[in-house]
Amino acid sequence: MGVNTIYLDNSATTKPLKEVMQAFMVVNEQYYGNPASIHAMGVESNELLMRAREQVADILHTEAKNVLFTSGGTESNNTAIFGLARSNTHKGNHILTTEIEHPSVLESVKQLELEGFDVEYLQVDKNGVISLEELRAKVRKDTILVSMLHVNNEMGAIQPIFEAAKIIHESSRAAFHVDAVQSFGKLPISFTDDEGPDCISISGHKIHGFKGTGVLAFRKKMKWQPYALGGGQEFGLRSGTVAVPQAVALSKAARIAVETMNDRAKKYRQWNEEICTQLRRYGDVVHILSTPQGAAHILSFSIRDLKGEIIINALQKRDVIVSTSSACSSKQTKTSHVVEALNLDEHFKKGVIRLSFGAYVTDEDIVKFKQVLDEVLMELKGEL
Ligand SMILES: Cc1ncc(COP(=O)(O)O)c(C=O)c1O
């Protein structure tokens with residue numbers, strides 16, 4: 001793909017920002033000492049690491065000692081779920097999550113089910129949102145963990161995590177983990193007080209940082225089972241030499257994401273609405289899965305009786321990159337679990353397309369995209 005490619009798959013991954021790449025290069029070239037070493041180079045490197053940690057902690061309103069650098073959203077989610085469940089068995093063994101989580105959560109809780117934990121899944125309505133009444137009814141005294149994603153990666157539904165947190169904390173001693181991989185840098189998300197989330201996962205490559213970078217952050221020190229044993233780095237919770245350049249790059253990407261969030265959100269909402277208006281002109285040939293209450297950077301829709309791959313290929317021939325509902329399930333032939341949970345009409349299940357905006361997308365890209373979309377829909381659905 002070339003310089004004119006319009007990339008609308010930013011929820012799968014983003015292009016790193018120049019400032020982020022530069023910070024990574026400088027740290028690699030000049031501050032490559034091991035942050036655990038006691039010599040001057042180690043001390044310098046450790047100072048950079050601590051600064052990166054403090055920056056992320058400030059953004060999330062927690063203390064630096066509660067921020068763990070990881071290899072990405074998958075590791076953060078796995079670590080949160082296994083760590084919080086296995087170290088709280090004295091309180092109970094009930095776990096709650098939703099049916100539209102990312103596979104890194106669903107596969108983790110499935111593993112815990114095999115180990116004897118009692119896992120229940122909250123349903124979502126046709127807009128992809130859980131019911132707080134169902135949550136209230138399902139949280140029990142022996143619930144030890146609730147894991148919920150903030151913004152769904154396939155269609156952008158936003159879960160009411162702050163209201164959910166209140167219910168969870170009122171009715172149980174459960175820890176509340178939020179997968180904020182798709183919301184961090186797009187919506188406000190941070191620790192608040194005792195009523196907010198206890199633990200948040202973030203991924204670097206969704207915010208114009210690097211693949212293989214992430215954060216798992218806690219509101220306060222929690223009872224925890226380390227999972228990577230060794231030299232005791234990252235407060236003994238994740239052994240292994242810490243990747244300082246990656247940590248610095250992630251903290252830079254996080255700071256820029258938060259600073260530019262409001263301006264980008266306005267643009268994303270405008271583009272989202274413009275494209276929806278255009279799609280609605282196709283009447284019942286198009287079904288829009290995303291809702292105006294959802295996250296603005298994700299817009300999912302489906303074309304009646306068309307396979308997603310056909311639309312993707314037709315757009316790609318015209319230099320436009322989009323994805324099927326999720327990058328993780330795009331190579332699978334079966335309908336995604338999220339699409340199944342939304343109870344979509346059979347005619348729309350195979351053709352779900354996801355557009356996702358990012359910092360490099362321009363107004364001109366969207367104008368061009370809308371032209372190309374019309375061309376493609378006329379070509380594939382000629383009778384329109
Ligand atoms: C909601 C959500 N959680 C977790 C992940 C996994 O993140 P990573 O790719 O950094 O492992 C993704 C990636 O698509 C995601 O969308």
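The values are calculated or read from the model by the stated rules, or taken from the named source; none is laboratory data. Quick caveat, the model's predicted, so the values are computed rather than measured. FYI the Cβ positions are ideal-geometry reconstructions off the backbone, even for glycines, and counts take in every protein chain you see. Side chains are part of the model used for accessible areas, which takes the heavy atoms of the whole protein and leaves out ligands, DNA and RNA. Shrake-Rupley method; radii C 1.70, N 1.55, O 1.52, S 1.80 Å.
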query = If you check Gly156 against the conditions, is it in contact with a Gly (Cβ under 7 Å, 6 or more places away or on another chain), within 13 Å of the ligand (Cβ to nearest atom), assigned to a loop (DSSP other than H, G, I, E, B) and open to solvent by 30 Å² or more (accessible area, probe 1.4 Å)?
reply = no
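Residue by residue, here is whether (1) hydrophobic (A, V, I, L, M, F, W, C); (2) crowded, with 21+ Cβ neighbours inside 10 Å; (3) within 13 Å of the ligand (Cβ to nearest atom) holds:
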| position | (1), (2), (3) |
| --- | --- |
| Ser76 | no, yes, yes |
| His90 | no, no, no |
| Glu99 | no, no, no |
| Gly116 | no, no, no |
| Asp125 | no, no, no |
| Glu133 | no, no, no |
| Leu145 | yes, yes, no |
message = For region 204-220, check the following and say yes or no: at least one residue is farther than 21 Å from Phe24 by Cβ and without any contact (Cβ under 8 Å) to a residue 40 or more places away in the chain.
response = no
request  = Identify, from the list Gly232, Gly212, the residue that is more than 16 Å from His150 (Cα to Cα), of a type in the set (Gly, Ala, Ser) and touching a His at 6+ places or on another chain (Cβ under 9 Å).
outcome  = Gly212
query = Out of region 170-197, which residues are buried (at least 24 other Cβ atoms within 10 Å of the Cβ) and either closer than 24 Å to Arg255 by Cβ or β-branched (Val, Ile, Thr) (or both)?
reply = His177, Val178, Asp179, Ala180, Val181, Gln182, Ser183, Phe184, Gly185, Lys186, Pro197
query = What are the residue pairs meeting all of these: first residue in region 3-18, first residue in contact (Cβ under 8 Å) with a residue 12 or more places away in the chain and more than 14 Å from Val322 (Cα to Cα), second residue acidic (Asp, Glu) and part of a loop (DSSP other than H, G, I, E, B), Cβ atoms under 6 Å, and 6 or more apart or on different chains?
reply = Asn4/Asp319
message = Please count how many residues of region 250-277 are in contact (Cβ under 8 Å) with a residue 40 or more places away in the chain and open to solvent by 30 Å² or more (accessible area, probe 1.4 Å).
response = 8
ask   = When region 278-295 is examined, which residues are found to be closer than 19 Å to Gln182 by Cβ and surrounded by fewer than 22 Cβ atoms within 10 Å (Cβ to Cβ)?
value = Ile288, Thr291, Pro292, Gln293, Gly294
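Listed here are the residues, each with its yes/no results for (1) in a loop (DSSP other than H, G, I, E, B); (2) within 19 Å of the chain's Cα centre (by Cα).
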| residue | (1), (2) |
| --- | --- |
| Gln182 | yes, yes |
| Thr192 | yes, no |
| Ile202 | no, yes |
| Ala217 | no, yes |
| Arg255 | no, yes |
| Glu273 | no, no |
| Ser290 | yes, yes |
request  = Please state which of the following conditions Lys211 fails to meet, knowing it meets all the rest: (1) in a loop (DSSP other than H, G, I, E, B); (2) open to solvent by less than 10 Å² (accessible area, probe 1.4 Å); (3) closer than 17 Å to Asn77 by Cα.
outcome  = (2)
ask   = Residues of region 362-383 being under 15 Å from Thr5 (Cβ atoms), open to solvent by 10 Å² or more (accessible area, probe 1.4 Å) and either in contact (Cβ under 8 Å) with a residue 12 or more places away in the chain or touching a helix residue (DSSP H, G or I) at 6+ places or on another chain (Cβ under 8 Å) (or both), which ones?
value = Asp365, Lys368
query = Taking the stated definitions as given, is Leu237 within 18 Å of Gly72 (Cβ to Cβ), among the hydrophobic types (A, V, I, L, M, F, W, C) and more than 16 Å from the ligand (Cβ to nearest atom)?
reply = yes
